[in-house]
Amino acid sequence: MSNYHIKNLEEYFQVYRKSVRNPENFWEEIAEEHFLWRKRWDKVLDWDFTKPEVKWFEGAKLNITENCIDRHLVTRGNKTAILFEPNNPEEEAQHITYNDLYKRVNKFANVLKSKGIKKGDRVCIYLPMIPELAISVLACARIGAIHSVVFAGFSSNALATRINDSECKMVITSDGSYRGNKTIDLKGIVDEALRECPTIENVLVAKRINANIQMKVGRDIWLQPLLNEASEDCEAEVMDAEDPLFILYTSGSTGKPKGMLHTTAGYMVYTAYTFKNVFQYKENDVYWCTADIGWITGHSYIVYGPLANGATTVMFEGVPSYPDYGRFWEIVEKHKINQFYTAPTAIRALAKEGLSHVDNHDLSSLKILGTVGEPINEEAWHWYDDNIGKRKSPIVDTWWQTETGGIMITPIPFSTPTKPTYATLPFPGIQPALMDAEGSEIKGNQVEGRLCIKFPWPSMARTIWGNHQRYKDTYFSSFENKYFTGDGALRDEVGYYRITGRVDDVIIVSGHNLGTAPIEDAINEHPAVAESAIVGFPHDIKGNALYGYVILKDTGESRNQENVRKEINQIITEQIGPIAKLDKIQFTQGLPKTRSGKIMRRILRKIASKDISNLGDTSTLLNPEVVQGIIDEAL
Ligand code: WT7
């Protein structure tokens with residue numbers, strides 16, 4: 001028997017050692033005992049990082065939707081699979097059982113087939129967080145079509161680029177979406193994008209907001225009437241282990257987005273096994289990840305990982321601030337959420353609003369809290385721990401990437417003692433390495449370097465769609481025979497990892513490497529500071545100097561800005577050293593952020609160096625309007 005469910009620290013170390021000593025054997029046991037295969041594999045793993053090529057469970061045949069749906073019907077047919085919580089709190093939540101999901105996915109799959117979609121075709125899904133999003137993803141997987149979900153906040157340009165890159169045949173969208181008290185004309189955005197997308201044959205349109213939209217004859221089709229007519233049975237396509245499951249775009253440091261390609265068997269095994277352990281899921285738990293399915297977090301930990309475990313997974317259509325900043329906690333209370341997984345950005349935004357929105361809700365159902373997507377600063381970590389988890393719910397700070405497909409470095413709750421701002425220990429099967437600038441591995445503890453992974457894991461992306469060379473160059477060329485994550489990390493005295501941020505965010509000041517994240521953490525400890533971002537700008541003597549953009553908390557009392565500047569540098573001096581002091585501090589109202597909450601430093605760097613003639617592409621920003629404000633303040 002494999003230790004599918006790790007229950008204490010000793011067991012974690014045991015399992016981890018086994019996973020490193022004999023990875024093939026380790027993954028084979030997990031695959032064997034916990035999944036439904038149409039045919040067994042011939043070989044567990046074949047790999048060569050110099051090509052790079054990685055194959056898991058070669059020769060096996062399966063369909064991931066049989067693992068996520070069909071096999072649960074006997075024991076969990078009437079259990080809620082997807083619990084849909086609408087944007088408008090007055091609209092009723094929907095409990096979609098495994099039986100319902102089976103029928104709805106099959107109907108959808110039959111609709112896709114009737115419109116000529118076959119195994120291997122690419123289908124672009126551009127939908128809000130409504131049940132049709134999860135269902136269409138699974139319907140594609142049912143028939144072997146490759147889904148490419150594009151987050152429904154992306155612009156028409158961004159959408160068109162992604163459709164064209166993978167030559168999608170179909171777009172699935174809706175007549176619009178709700179976002180707080182606003183509606184968004186998604187179909188209009190699709191129409192705009194499709195002016196330059198020659199490969200699209202049909203657009204399937206779900207009804208959500210009853211908007212009066214244009215339907216292009218011969219191309220656009222309302223979904224509901226087709227679903228009504230479709231059969232509830234659809235034989236699952238038998239897929240090879242390494243057949244593509246989906247493409248998901250992620251931004252590169254420059255140039256066009258990278259279509260990360262994930263394949264079937266390894267992705268399924270890894271997301272299911274990580275979900276079970278990282279969230280310690282028990283049969284009657286209600287699990288909620290607040291991400292959008294448009295990101296990898298939603299693919300792996302709203303849809304595939306939870307459903308492969310027969311879990312109840314919540315899908316929330318709305319935003320944390322509507323109808324007020326208590327919405328998350330209202331939902332936790334309403335659905336008695338047991339595991340809650342969100343982003344540090346959301347935590348900071350909610351913390352800023354004060355405790356009045358928290359304290360009027362019963363959060364006693366919560367057992368485990370999670371964070372993902374960026375380093376969490378100490379202050380936000382403690383706010384989350386004190387006020388949401390009431391110091392009894394472990395926080396899993398999960399480090400991973402679109403490219404890794406699943407969680408890589410994380411505490412196992414109730415096993416791994418947590419430590420604020422530390423993602424702690426590698427998940428079983430993950431072999432991290434810290435590398436120095438010369439390309440050698442840095443051994444031992446209390447060290448810092450570039451984070452690489454030395455050995456393949458089942459859910460790693462296999463290529464960049466249409467550009468294997470770029471895949472090789474980006475991830476396998478910096479360090480010999482290793483996957484390079486692009487992140488820096490330190491390993492503390494007990495071997496815990498702390499992600500220090502992207503190494504492309506490193507600023508060299510007077511020959512010293514300074515990470516932006518620790519400096520920002522220090523600044524954020526100032527009681528008047530809500531958020532900050534550091535960039536480098538050219539300096540005659542030091543090469544680079546540090547420029548800080550600082551958002552002050554709205555406390556009502558006025559502060560002497562000169563004093564705050566001095567105090568900030570005082571804290572930095574104390575925490576990091578005088579070398580990390582800021583040369584300039586600009587108080588600002590907002591920071592330019594990508595839709596996944598990352599600060600777009602490229603823009604801040606340009607403004608700091610007074611080079612605003614060409615700010616580059618700002619179309620992927622969540623809040624492009626803040627940019628002009630920052631420029632005006634700077635001048
Ligand atoms: C980058 C990947 C993983 C799903 C969401 C983001 C940063 C992610 C953490 C964490 C510190 C983190 C890294 C990573 N990151 N999780 N727990 N602590 N940094 O996916 O958009 O592909 O971004 O997010 O820099 O490389 P992504």
Tell me, which helices (runs of 4 or more DSSP H) lie completely within segment 523-635 with 2 or more residues that are more than 16 Å from the ligand (Cβ to nearest atom) and small (Gly, Ala, Ser)? 626-634
Unique match (being assigned to a loop (DSSP other than H, G, I, E, B) and without any contact (Cβ under 8 Å) to a residue 12 or more places away in the chain) among GLU10, GLU90: GLU90
PHE108: closer than 30 Å to TRP329 by Cα, surrounded by 14 or more Cβ atoms within 10 Å (Cβ to Cβ) and in contact with an Asp or Glu (Cβ under 9 Å, 6 or more places away or on another chain), yes or no? no
Note: among GLY466, GLY501, GLY488, GLY495, just one is small (Gly, Ala, Ser), within 21 Å of ILE409 (Cα to Cα) and more than 16 Å from the ligand (Cβ to nearest atom), namely GLY495
Single unsatisfied condition, ASP220 versus (1) among the acidic types (Asp, Glu); (2) in contact (Cβ under 8 Å) with a residue 12 or more places away in the chain; (3) surrounded by fewer than 18 Cβ atoms within 10 Å (Cβ to Cβ): (3)
Report whether or not ILE407 is away from the ligand (no atom under 13 Å from the Cβ) and assigned to a loop (DSSP other than H, G, I, E, B). no
Restricting the first residue to segment 127-151 and requiring it to be within 23 Å of ILE464 (Cα to Cα), which pairs with a second residue that is at pLDDT below 95 and assigned to a helix (DSSP H, G or I) meet a Cβ separation below 6 Å and a spacing of at least six or different chains? VAL150/LEU159; VAL150/ARG162
Using beta carbons and a limit of 9 Å, which pairs, at least six apart or on different chains, have the first residue in segment 411-425 and under 14 Å from THR500 (Cβ atoms) and the second one away from the ligand (no atom under 13 Å from the Cβ) and modelled with pLDDT of 95 or more? TYR422/ASP492
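Matching residues to (1) under 18 Å from LEU635 (Cα atoms); (2) aliphatic (A, V, I, L, M):
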| residue | (1), (2) |
| --- | --- |
| ALA517 | no, yes |
| ASN524 | no, no |
| LEU552 | no, yes |
| ARG559 | no, no |
| ILE576 | no, yes |
| LYS581 | no, no |
| ALA608 | yes, yes |
| THR618 | no, no |
Filter segment 173-225 down to residues that are in a loop (DSSP other than H, G, I, E, B) and of a type in the set (Asp, Glu) and give me whichever is farthest from SER136 (Cα to Cα). GLU196
With segment 335-397 as the region, which helices (runs of 4 or more DSSP H) entirely inside it contain at least 2 residues that are at pLDDT below 95 and not charged (D, E, K, R)? 344-352
Right, SER251: within 11 Å of the ligand (Cβ to nearest atom), modelled with pLDDT under 95 and among the small types (Gly, Ala, Ser) or not? yes
In the list THR416, THR421, THR398, which residue meets the criterion of being out of contact with any Pro (no Cβ under 7 Å at 6 or more places or on another chain) and within 9 Å of the ligand (Cβ to nearest atom)? THR398
Of all residues in segment 161-175, which are crowded, with 22+ Cβ neighbours inside 10 Å and of a type outside the set (S, T, N, Q)? ARG162, ILE163, CYS168, MET170, VAL171, ILE172
What's the total number of residues in segment 45-65 that are surrounded by fewer than 20 Cβ atoms within 10 Å (Cβ to Cβ) and touching a Phe, Trp or Tyr at 6+ places or on another chain (Cβ under 9 Å)? 11
For VAL372, state whether it is more than 15 Å from the ligand (Cβ to nearest atom), crowded, with 18+ Cβ neighbours inside 10 Å and touching a residue at least 24 places away in the same chain (Cβ under 8 Å). no
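The values are calculated or read from the model by the stated rules, or taken from the named source; none is laboratory data. All figures in this text were calculated on a predicted structure; none of them were measured in a lab. Because the Cβ atoms are built from the backbone with ideal geometry, glycine has one as well, and the counts that use them run over all protein chains shown.
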